[in-house]
Amino acid sequence: MKKPKILKLAFFLMLSIPVMFWGCEEQETFMEPGIIDMNHRIATMDRQIAQPGQIVTFTGTNLHEVFHIMLNTENVPITFTATRDSLRVLIPEGSPLGSVINMNIFFRGKGLATRAITLISPPVIQRVSPEAARPGTVITLMGRALHLTTRVFMGAQEITTFTRVSDQILRFTMPTGSTGGTIALHTATGSISESQAPLILGREILIHDFDGTSPFFANWSPNGNIQSPTVVPGMFPNNNFLSVEIADRATGWGGNMDFNTQNFPTDITTQDRNRQIIMAIDMRVSRNMNVNVMVFRDGGTVWGRTLPVTVDWQTIRMPFAEMGTGYGGGEPFGEVMLFHDLRGVKIQPPAQTANANFGQLVFFDNIRFIIPD
């Protein structure tokens, strides 16, 4: 039987590789030419698709003679346990992912068995758009390795029809009768990846995502010590986002960035419903700082909270019920003016001279309101 070149290369590499076997270490060298085919020693393999952290179990004969395992020719340390009739292999972090690879199983006496296996990383949902929807709405998931999804659930309901647009985008239509819920993606390995927040039965009012236009956005306005609003190309899934600079413009009170709105729906007529609304915005800053995040009616009529914002992208979700009154968000809480009377979103970073933030940047993306039914 002619052996593939990759196996001969693997044996060549094995000449100088220390072997790790759960606390036991052994050095094997080969003095005689030739490779002995041990594929007949492997009877079964319980999975052909796996991911780091999972165990692949083999059955067969004389498997206690296995002393080393390699994935292709990469010397990633692999932990395993072996008895005469069973071999359990833990797929390590750092394994080569993606296409089919060879798991090379080395036996004492220059024996070698090879099995093909596909190693994948589980899908990661980075963003759901929209975050609130009604049946019939197309839902877009953005993330990593979404093409590996085999089943989709929203709450307890399985989504039987979905489209893998790419490894980064998956779409489905919210089915009739759905009430929303956490979105879960299942893979062939049995792993489950979930959305960070449940999809809500209701509406999303998108003010701006800096990738297109919205009927609810009027304009933006930098004020005081805020300048240079600039749309910046970013990395998926944020794509374009907005950057503003904190600068010394001789304004003693500081500065803020207003996103002025229009055409809000008028069907929110009670405070009970108004308090259920959630304002959400993706933000990061060039240096960690506390930022006033608010909605407003006019310059002095504002509601919101002072929140820590970091150098990493984070999604701020603030229910109207938790918003305080005035700059800094003090008592009373939950008394935001009815939604259709609001005129925009106001962001106020610490922008006075004493804050020593001149030259720092604030970044915004996906400014939206979530209105539950």
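Things to note:
- Å³ per residue enclosed by the Cα convex hull of the chain: 193
- Tilt relative to the chain, helix 5-14 - C-alpha long axis, 0 to 90 degrees, to 10: 90
- Relative contact order of the chain, defined on C-alpha pairs under 8 angstrom at six or more residues apart (%): 12
- Charge dipole (the chain, unit charges on Cβ, about Cα centre) - positive-most of Q227, G304, P135: P135
- The relative contact order of region 261-321 comes to 43 percent, based on Cα pairs under 8 Å that sit 6 or more residues apart.
- Annotation note: chymotrypsin sites (Phe, Trp or Tyr not before Pro) in region 292-373 located in DSSP loop regions with a Cβ neighbour count of at most 15 within 10 Å are F358.
- Sorted by Cβ density within 10 Å, fewest first, the residues M154, M45: M45, M154
- Per-residue [θ]222 nm for the chain (sum of -39500 (n - 2.57) over DSSP H runs n ≥ 4, rounded to 500): -1000 deg cm²/dmol
- Cα gyration tensor, region 50-103 - rounded (a/c under 1.5), prolate or oblate: prolate
- Dividing the alpha-carbon radius of gyration of region 234-274 by the rule-of-thumb value 2.2 N^0.38 Å gives 1.94.
- Relative contact order [Cα under 8 Å, 6+ residues apart], region 213-318, whole percent: 23
- Going from the residue with the fewest nearby Cβ atoms within 10 Å to the one with the most, R164, R41 rank R164, R41.
- Two-site FRET efficiency, I36 against I169, from Cβ-Cβ distance with R₀ of 35 Å, rounded to 0.05: 0.15
Bear in mind these aren't lab numbers, they're just calculated from the coordinates by the rules spelled out. This structure is a prediction, so every number in the text was calculated from the model and none was measured. Cβ atoms come from the backbone with ideal geometry, glycine included; neighbour counts cover every protein chain shown.
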